[in-house]
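Read the structure below first, then the notes.
Each reported figure results from applying straightforward, stated rules to the coordinates on display, with no laboratory input. Remember, it's a predicted structure, so these values are computed and weren't measured experimentally. Because the Cβ atoms are built from the backbone with ideal geometry, glycine has one as well, and the counts that use them run over all protein chains shown.
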Amino acid sequence: VANFTHHRGPVTSIEWCPYEASMITTTSSDDTLAIWDLALERDPEEEAALAPDSNVAAPEDLPPQLLFVHAGQKDMKEAHWHRQIPGMVISTALNGFNIFKPANIL
């Protein structure tokens, strides 16, 4: 369906979101966790229309499906969606675990 090249190391886990069928979270040996929405596509016309107001351009090398990146953990192993709190993710790594809820997710 798609090929994303954001992670710079092997993917160590992937999990579909239990309450949003188009969203997944991935972890990688590059010490990052990413949250993706596979239903999104780049819309150059919308970006051009918003550019004068926001003065922000989307980087060309980032996939439009990439919603969030979490870094700072060493040797990240897994990520799991919280089953009762939409948007909350728990990640595990060599140096501990993180629990977080990005503001732009659900």
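Per-residue 3J(HN,Hα) values for segment 87-97, derived from phi via the Karplus relation 6.51 cos²θ - 1.76 cosθ + 1.60 with θ = phi - 60°, read x, 7, 10, 10, 10, 10, 7, 4, 9, x, 9 Hz in sequence order (x marks Gly and Pro).
If you take all other residues with their beta carbon under 15 Å from the beta carbon of L94, and give Lys and Arg +1 and Asp and Glu -1, the sum is -2.
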